[in-house]
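To keep things clear, I will list the structure first and then write my remarks on it.
The values are calculated or read from the model by the stated rules, or taken from the named source; none is laboratory data. In this text the structure is predicted, and so the values were computed from the model without any measurement. Heads up, the Cβs are rebuilt from the backbone with ideal geometry, glycines too, and the neighbour counts pull from every protein chain shown.
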Amino acid sequence: MNDTPGWASPGSAPSDDQGAGVPRPAQPADGDGAASKWSKEQPPAGQWSSPGSPGPTGPVPPPAPRWGGGQHQGGWGRPPAAKPGVIPLRPLGVGEILDGAVSTLRAHWRTVLGITITVAVVTQIADILIQRYLVPNPPAADPNATPSEALSQSVESAQASMVSLAPTTLISLIGTLFTTALLTVVISRSVLGRQVNISDAWHEARPRLPQLLGLTLLLPLISTAIMLVGVLPGLLLGSVAGAALAVFGGLGALLVVIWLMVRFSLASPALMLERQGIIASLRRSAKLVRGSWWRIFGILLLTLLLLFLVAMIIAIPFGIIALAVDGDGISGLLTGTPPEYGWPFLIVSGIGAVIGSSITYPISSGVTVLLYVDQRIRREALDLELARAAGVPGYGSTPGDNTPRS
């Protein structure tokens, strides 16, 4: 097992043939070293006395580890799962994954907010300057235009929107890159119950930034290429049949993109925590998601909907305030012409975007990392490794792990 933030070297814990590297409990032996001849049906530990009799006296031994890492906590005579950090070390439910992401924000709020607010402020300032000085204003629509002229104006408006969207998307990708890298380190430490500051997170994440940048750029390129393949034949035909073909081809391509993005959704934590390469992290994610695609898809979709609601709750009031303080924006909406937003609108809406990003970034990254941890617990008994790394009594220590416990 590696030092933090990673818990395993690349490919060290196979998912499919789990028995290769997962420790199992030793069978009880008699005094002479031979296999025990005791019956397999033994009372649970700690429940030898009858329900009405007083319990045993003396010190209580530490709970034995739960071998295999795949059983729920509680039960007759079974101790609850260890919880050194924000999640219990056992397979997680949907609510526990979301709660773990929020708990990380609460437990390490100085570090998390320091990262997210810094990245959000820098990206918003860059976006405001680009929108103000570099992006051209959308063309005004002519209400008296002929059908052919209206079609041409629609094409020009779509092109202007794509031009204005490109720098915003690029800035968003860069911001996501840094927040994903740093927050992955913070969340991995919070699972072990360890404190981490921004300096520690940057020191751990910095060597992986080039690979993470490649992964961050590769996934949108794959999606764009698939969508182009889906709609291009219909666009080349240029008729009504071609338009229908483009629509159906686009829908089919969209389904393929969704399937691939869920399949590769755990690539970034695999890249950061296992120190994998780009292609190896994609394969690793596909291996962990295999057999659980619908479950992971549902959790990611639920998280996306929740984050969208949170973002809207924050963005709508700030949008109204921004329009109220910017007379040009309101006048443009009232006259039906494209509004030219001034500095007041950009600044107020930027503040709302910073607040929204500071909340949504940690939850989104937390869900992704905790899904990765959950899948490895379910398939590879990672809870044993995490318990050892956290110094939980009864789990032993990892050979060669000299990391100080907190």
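Identify all residues within region 147-182 that are small (G, A, S) and at pLDDT 80 or above; write none if there are none.
Matches in region 147-182: S172, G175, A181.
Which residue, of S268, S199, is buried (at least 16 other Cβ atoms within 10 Å of the Cβ) and among the hydroxyl-bearing types (S, T, Y)?
Within the list S268, S199, the selection yields S268.
Quick one: P317 ticks every box in (1) touching a Gly at 6+ places or on another chain (Cβ under 7 Å); (2) loosely packed, with under 14 Cβ neighbours inside 10 Å; (3) not aromatic (F, W, Y) except a single one, so which number is it?
Answer for P317: the failing condition is (1).
Limited to region 330-356, what total is found for residues that are at pLDDT below 75 and either under 16 Å from L129 (Cβ atoms) or in a loop (DSSP other than H, G, I, E, B) (or both)?
So the count comes out to 7.
Which helices (runs of 4 or more DSSP H) does region 213-307 wholly contain that include 2 or more residues that are within 21 Å of L183 (Cβ to Cβ) and of a type outside the set (V, I, T)?
267-273, 278-289
If you scan region 285-309, which residues turn out to be surrounded by 15 or more Cβ atoms within 10 Å (Cβ to Cβ) and aromatic (F, W, Y)?
F297
Do we have T216 as among the polar types (S, T, N, Q) and surrounded by 16 or more Cβ atoms within 10 Å (Cβ to Cβ) here?
Yes, satisfied.
Applying the selection to region 223-272, what residues are among the aromatic types (F, W, Y) and at pLDDT 95 or above?
Within region 223-272, W259, F264 meet the criteria.
Out of the residues in region 101-119 meeting the condition of being closer than 15 Å to A181 by Cβ and either among the aromatic types (F, W, Y) or touching a Phe, Trp or Tyr at 6+ places or on another chain (Cβ under 8 Å) (or both), tell me which one is surrounded by the most Cβ atoms within 10 Å (Cβ to Cβ).
Result: I115.
Suppose the filter is touching a residue at least 12 places away in the same chain (Cβ under 8 Å), part of a loop (DSSP other than H, G, I, E, B) and over 18 Å from the mean Cα position of the chain (by Cα); does G193 pass it?
Judged against the criteria, G193 is a match.
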